[in-house]
Each structure stands twice: as structure tokens, then as C-alpha cells.
1. Taking the options Glu136, Glu122, Glu146, name whichever one is assigned to a helix (DSSP H, G or I), under 15 Å from the mean Cα position of the chain (by Cα) and acidic (Asp, Glu).
2. Suppose we keep only residues that are in contact (Cβ under 8 Å) with a residue 24 or more places away in the chain and part of a loop (DSSP other than H, G, I, E, B) within segment 36-49. Which one would you say is surrounded by the most Cβ atoms within 10 Å (Cβ to Cβ)?
3. Between a residue in segment 50-62 that is touching a residue at least 60 places away in the same chain (Cβ under 8 Å) and any residue that is among the small types (Gly, Ala, Ser), which pairs come within a Cβ distance under 6 Å, given they are 6 or more apart or on different chains?
4. Looking at segment 136-158, which of its residues are in contact (Cβ under 8 Å) with a residue 12 or more places away in the chain, acidic (Asp, Glu) and loosely packed, with under 13 Cβ neighbours inside 10 Å?
5. Does segment 1-55 hold any residues that are acidic (Asp, Glu) and modelled with pLDDT under 90, and which are they?
6. State whether one or more residues within segment 54-65 are out of contact with any Asp or Glu (no Cβ under 8 Å at 6 or more places or on another chain) and surrounded by fewer than 16 Cβ atoms within 10 Å (Cβ to Cβ).
Amino acid sequence: MKKIVFVCLLIGATLGASAQPPAGDAKPGDFYGEKVNPEGALALTDVVKKVMGGYDFADVKIVATVKEVCEKKGCWLKLELPAGQEVMVKMKDYGFFLPLAAKGKKVIIDGEAKSKTTSVAELKHYAEDAKKSQAEIDAIKEPQKEVRITAKGIMIAQ
């Protein structure tokens, strides 16, 4: 019986530890995912305008400020746009995560950018990950057309 309890505790501790964002200070020059060459990075606002105009980027480098990082695992982030708008970034193939310390930092993202309609269920899932109140989650009633970035790599710029 003691062995079973010990194994259950060990499994629970392992799962709990793996469900955390990576540790780290997110210092300038740190990389997550593939290494990023910062040359030629475009401003997020320019990329968003082109994507909303019907142009998708299969390979683009974007410079932006991190507004929010998934508090559960660091598996997604939101980038800041003017007037309180934001752009969602997911990691390619769920292959890497970003530490919470990246919030407020300027980053360079190498990946793709395209227009996507996000379902109500997915929007509610992100709101839960971000630890929004139940009232905020319940207020999500419509799918949202947005720019979605899939990151191959992220570099902390400053």
C-alpha cells in the first residue's frame, strides 16, 4: 500500500512540475525554440495590417512587446497593439514555452502570420488559462477573427 501511495505522489509531483512555465529571467539575447536572427524584423502593426488585408506570411520576423504569457505552461502569448488590441502567438508544434518573465519585454518572433477565426470554445480556453473571472469567460459569445502567429523561435530583444 505504501508503494502505491508513493508512486501516486511521485506521478502527481511530476505532472505538477511539468505544468509550469519554464523558469528564467527572459534576459536580452535569450532564445526559446529555434535561434532567431533579428535582422529584417517587421513591426507588428505592419504585419497585422497586411494580414487583415488578405496577405498571409509563411515566414516572417516580427518585433513586438509581450502583453501576456500563458500562466499555466507558457504555451502561448499575446502581443501588444495600439488601442488595447492584441495578437495571439502559439508555439509551433507545442515545441517550446516562454517564461512568465517575458511579460512586458520586447521580443523578435520568427514564424508565420495569418488570419484565423477563433472559436468560442478556444477563446474560453485561453481565458481560463489566463485565469480570467468566470463572468469574463461567460461573456465570450462570438467567434473572433484575428491575426494568429505561429512561432518557430522567439528571442528576447530587451
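The values are calculated or read from the model by the stated rules, or taken from the named source; none is laboratory data. Just so we're clear, the structure is a prediction, and the values are computed from it rather than from any experiment. Backbone-built Cβ (ideal geometry, glycine too); neighbour counts: all protein chains shown.
1. Numbers: Glu136 fails: under 15 Å from the mean Cα position of the chain (by Cα); Glu146 fails: assigned to a helix (DSSP H, G or I).
Checking each option against the conditions leaves just Glu122.
2. Val36
3. Val51/Ala113; Val51/Ser115
4. Of segment 136-158, the ones in contact (Cβ under 8 Å) with a residue 12 or more places away in the chain are 137, 140-158.
Narrowing further to those that are acidic (Asp, Glu): 142, 146.
Answer for segment 136-158, where residues must be in contact (Cβ under 8 Å) with a residue 12 or more places away in the chain, acidic (Asp, Glu) and loosely packed, with under 13 Cβ neighbours inside 10 Å: just Glu142.
5. Let us first name the residues in segment 1-55 that are acidic (Asp, Glu), namely 25, 30, 34, 39, 46.
Answer for segment 1-55, where residues must be acidic (Asp, Glu) and modelled with pLDDT under 90: just Asp25.
6. yes
For (1) modelled with pLDDT under 90; (2) over 30 Å from Asn37 (Cα atoms); (3) touching a Lys or Arg at 6+ places or on another chain (Cβ under 6 Å); (4) acidic (Asp, Glu), each residue gets a yes or a no:
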| position | (1), (2), (3), (4) |
| --- | --- |
| Lys92 | no, no, yes, no |
| Ala102 | no, no, no, no |
| Ala113 | no, no, no, no |
| Ala121 | no, yes, no, no |
| Glu136 | no, yes, no, yes |
